[in-house]
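The values are calculated or read from the model by the stated rules, or taken from the named source; none is laboratory data. It should be emphasised that the depicted structure is a prediction, and the values quoted were computed from it without experimental measurement. Reconstructed Cβ throughout: ideal geometry from the backbone, glycine too, with neighbour counts over all protein chains shown. Ligands, DNA and RNA are excluded from the accessible area calculation, which covers all protein heavy atoms including side chains. Shrake-Rupley method; radii C 1.70, N 1.55, O 1.52, S 1.80 Å.
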Amino acid sequence: MNKQVIYLDNNATTQIDERVLDAMMPFLKDNFANANSTHLFGVESHEAVKKARRQVADLISAETNEMVFTSGATEAINLAIKGVAENYEKKGKHIITVSTEHYAVLDTCKYLETKGFEVTYLPVANDGLINIEDVKLALRHDTILVTVMYANNETGVLQNIQEIAEIAHAADAYFMTDATQAVGKIPIDVDNMGIDLMCMSGHKLYGPKGIGALYIRQRNNRIKLPALIHGGGHERGLRSGTLNVPGIVGLGAACAIAKKEMRQNEQHIKALRDYLENELLQIEDTSLNGNKKHRLYNTTNILFKDVDSDAMIMGLSNMENDLPLIAVSNGSACTSASIEPSHVLTAMGLNEIDSFSSIRFSIGKFSRIEQIYITIEVVKKCIYELREMILPI
Ligand SMILES: Cc1ncc(COP(=O)(O)O)c(C=O)c1O
């Protein structure tokens, strides 16, 4: 593409870090052996996977035997939720989740409903937070799992997962969190936070696509899950299939970098996000979607009244002018082909029109302040033009 791109869609996916790519390259080229082969060549791949597992576990204070590599967060979520359902159904068939979860969770729960499970979808308040009392009220003697996402992909809203985990455990239910957006951005200690199951995805933290992991608690209160994908017995029988060595090495490198640079990334990204947000909120008839305080530092989701977000996204990626292409999003990338309003925003009380007038900007570590200045100017121009179009003359 000849146009300059200002990429502010880091919650959809991130650009791979050069250092991650460098770590992966040998395993894509010369060092291509199967990690399960017993010859010396295979041993090198095996050692690389071992190192990566350590790096991934270290980022979230887990043990290496608690990590299972998957193709991404969606698969990890399926493995976890369906696994708990299958293994613990004798204890009960009730699951609690939240209406603003990613579809990977919601659709897995919907599937389980067709298999006789009951699911409670907790509501959220206007700021996207759930009411802790609602969790307590929803718990039943047959609840086997409470699954609440850590950071919302559309708004960045952070739930108080530690408190929810405690409540779930007090009722003898497991606690899972979809931490796909949080891993690598904010510190996570699975043990201290009482997390039993947690998913992550490489491409959300400057790693490659097609690789993710599921944390499955093995220390006190061990969780047993059945496999979702059967075959050669890889990943301790939990996820068969030849290991994606370059992807795993990439995920490991991305985790190690995130661990080291999290604080400096936060300072940089937060400053850019806050500047962008403050400027955009000065535009007439705009408001912030989501709790301002309990929120990821890289995300801002803004309602621009009377502006069609699809038209705005098109306007920001107009190929016929010499302005840079600004990549932002409405809803989540995974459902952006959908003509439905965002289920996250409507659950937060927005009507359909306002939901279709909201835009998510998600900043990343490669974002630069000059790009933010340009974005503010172009967004203002775009909004002015779109609003002019609907105003009576
Ligand atoms: C919160 C959340 N959960 C799950 C997923 C699915 O991740 P993956 O693309 O790795 O399957 C995403 C991706 O958008 C996400 O944002």
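The simple Förster model, with R0 at 51 Å and r as the Cβ-Cβ distance, assigns Arg222 and Lys305 a FRET efficiency of 0.50. Between the amide H of Tyr174 and those of Leu145, Val146, distances stay under 5 Å, these residues lying 5 or more places away or on another chain, with hydrogens modeled in the peptide plane.
Here the Karplus curve 6.51 cos²θ - 1.76 cosθ + 1.60, taken at θ = phi - 60°, turns the phi angles of segment 238-246 into couplings of 8, 8, 6, x, 3, 5, 7, 4, x Hz, with x standing for Gly and Pro.
Stretching Asn160 away from Met319 to a fully extended chain increases their span by 53.0 nm, per 0.36 nm per residue minus the current alpha-carbon distance.
Over segment 18-256, with every protein chain in place, what whole percent of the accessible area is carbon and sulfur at 1.4 Å, could you tell me? Answer for segment 18-256 is 52 percent, counting heavy atoms of protein chains only. Each peptide in 263-272, 244-253, 9-18, 202-211 gets a packing score, the mean of other Cβ atoms within 10 Å over its residues, and the list from highest to lowest is 244-253, 202-211, 9-18, 263-272.
Put simply, the amide H of Gly212, placed in the peptide plane, has neighbours under 5 Å in Thr70, Ser71, Gly72, Gly202, leaving out anything fewer than 5 places away on its chain.
Here r is the Cβ-Cβ distance between Asp22 and Asp274 and R0 is 41 Å; the resulting FRET efficiency, rounded to 0.05, is 0.80.
Compared with the dominant Cα axis of the chain, that is its longest principal axis, helix 103-113 is turned about 60°.
Heavy-atom accessible surface of segment 219-323, averaged per residue, reaches 50 Å², computed with a 1.4 Å probe.
To the nearest 10, the accessible area of Thr74 is 80 Å² with a 1.4 Å probe. Between helix 369-390 and the chain there is an angle of about 60 degrees, using the helix long axis and the longest principal axis of the Cα atoms.
Computed about its Cα centre, the charge dipole of the chain is approximately 1340 debye, with only Lys, Arg, Asp and Glu carrying charge at their Cβ. Sequence neighbours fewer than 8 away in the same chain don't count; with that in mind, list the lysines whose C-alpha is under 18 Å from Lys305. Partners within reach: Lys380, Lys381.
Pull up all non-local amide H partners of Leu122: gap of 5 or more, or a different chain, and H-to-H distance under 5 Å with H placed in the peptide plane. Under 5 Å from the amide H of Leu122 lie the amide H atoms of Thr97, Val98, Ser99, each far enough along the sequence or on another chain. Computed from backbone phi with θ = phi - 60° and the Karplus coefficients 6.51, -1.76 and 1.60, the 3J(HN,Hα) list for segment 62-67 is 9, 9, 5, 6, 9, 10 Hz; x is used for glycine and proline.
Taking 7 Å steps out from each Cα toward its Cβ at Asn36 and Ile353 produces label points 5.8 nm apart. All other residues whose Cβ lies under 9 angstrom from that of Gly252 are scored, Lys and Arg at +1 and Asp and Glu at -1, for a net of +3. Rolling a 1.4 Å probe over the protein heavy atoms of segment 268-342, with every protein chain left in place, gives an accessible area that is 50 percent carbon and sulfur. So what does Ile369 come to for accessible area, using a 1.4 Å probe and Å² rounded to 10? The accessible area of Ile369 comes to roughly 50 Å². Geometric descriptor of segment 22-168, per residue, is 151 Å³ (volume of the convex hull of the Cα atoms).
3J(HN,Hα) along segment 301-318: 10, 10, 8, 9, 3, 6, 10, 6, 5, 5, 5, 5, 4, 5, x, 6, 10, 5 Hz, from the Karplus curve 6.51 cos²θ - 1.76 cosθ + 1.60 with θ = phi - 60°, whole Hz, x for Gly and Pro. For the chain, the C-alpha radius of gyration divided by 2.2 N^0.38 Å, with N the number of residues, is 1.01. Where both bridge residues fall in the chain, DSSP classifies roughly 50% of the beta bridges as antiparallel. Compared with the dominant Cα axis of the chain, that is its longest principal axis, helix 40-59 is turned about 60°.
Estimated from helices alone, the mean residue ellipticity of the chain at 222 nm is -12000 deg cm²/dmol (sum of -39500 (n - 2.57) over DSSP H runs with n ≥ 4, per residue). When the C-alpha to C-alpha distance is required to be over 23 Å, the pairs from Lys50/Lys259; Lys93/Lys136; Lys82/Lys185; Lys29/Lys365; Lys115/Lys204 that qualify are Lys82/Lys185; Lys29/Lys365; Lys115/Lys204. Taking the alpha-carbon centroid of each part, what is the distance from segment 218-293 to segment 88-166 in angstrom? What the calculation gives is 19 Å, centre to centre. Averaged over residues, the count of other Cβ atoms within 10 Å places the peptides 137-149, 315-327 in the sequence 137-149, 315-327, highest first. When you filter the trypsin sites (Lys or Arg not before Pro) in segment 51-130 for DSSP loop state and at most 11 other Cβ atoms inside 10 Å of their Cβ, you are left with Lys90, Lys115.
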